[in-house]
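Scroll down for the structure; my scribbles are underneath it.
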Amino acid sequence: MLATMAGEAWPVCGPRCPSAIARDCHRGCPDICLALSDAPKEYPLEAIIAPLVYELQRLDGIRPCWSCEGHERFGDLWKVPQVWFYADRQIHLRVLADAVTALNLQGALRVDWEVAVTYSDPDNPETTYTLRPKQNQAVLVLSELQADVASLAEAVVELCREQALNLGKIGA
């Protein structure tokens with residue numbers, strides 16, 4: 001389930017990566033906000049969410065298409081951090097959802113997160129999914145949600161690898 005880290009698939013940001021450190025590609029690269037955007041000058045990724053988008057991009061079958069690092073307005077939470085993506089197959093969703101559930105159960109996240117179907121444009125025939133905080137929770141605090149984004153970015157690839165291996169054992 002992990003993208004090949006050799007040849008054309010590396011760096012994760014692809015052939016248009018502007019980074020001078022492309023051979024040392026990582027989620028902390030200062031260029032990923034531009035490199036992972038379809039329109040880097042107009043819409044670079046926001047710095048807090050970019051590492052999570054990067055890590056999701058590393059997963060085969062998951063194709064991020066929109067993200068938000070979360071925002072406050074007038075001192076209240078206005079938009080929650082989230083990443084929208086397409087999935088090539090249902091198994092990719094299951095592995096990602098199982099990884100997020102594992103993080104929730106480990107207590108590694110401050111609030112519960114989920115993988116869910118989300119809205120997409122009426123002219124878009126593909127189903128869009130989101131990785132986001134669960135909707136029906138008590139008070140959500142932006143700083144805690146953004147700390148969860150960092151925790152997700154740090155753990156999601158390895159947990160997806162573990163979940164995929166566990167599914168493989170079930171079928172064996």
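Throughout, read-outs are computed from the coordinates displayed, never taken from laboratory work. Computed from a prediction, not measured in an experiment: that's the story for all the values here. Reconstructed Cβ throughout: ideal geometry from the backbone, glycine too, with neighbour counts over all protein chains shown.
Here K79 meets the list (1) surrounded by fewer than 16 Cβ atoms within 10 Å (Cβ to Cβ); (2) under 15 Å from E55 (Cα atoms) almost entirely, failing just condition (2).
Taking the conditions (1) over 19 Å from A50 (Cα atoms); (2) surrounded by fewer than 19 Cβ atoms within 10 Å (Cβ to Cβ); (3) touching a Leu at 6+ places or on another chain (Cβ under 8 Å) in turn, E72 satisfies each one other than (1). Which residues, counting only those in the range 94-115, are in contact (Cβ under 8 Å) with a residue 12 or more places away in the chain and either part of a loop (DSSP other than H, G, I, E, B) or surrounded by fewer than 14 Cβ atoms within 10 Å (Cβ to Cβ) (or both)? Listed by number, the residues that qualify are A108, L109, R110, V111, D112. The residue that is farthest from L103 (Cα to Cα), counting only those in the range 116-172 that are assigned to a loop (DSSP other than H, G, I, E, B) and polar (S, T, N, Q), is N124.
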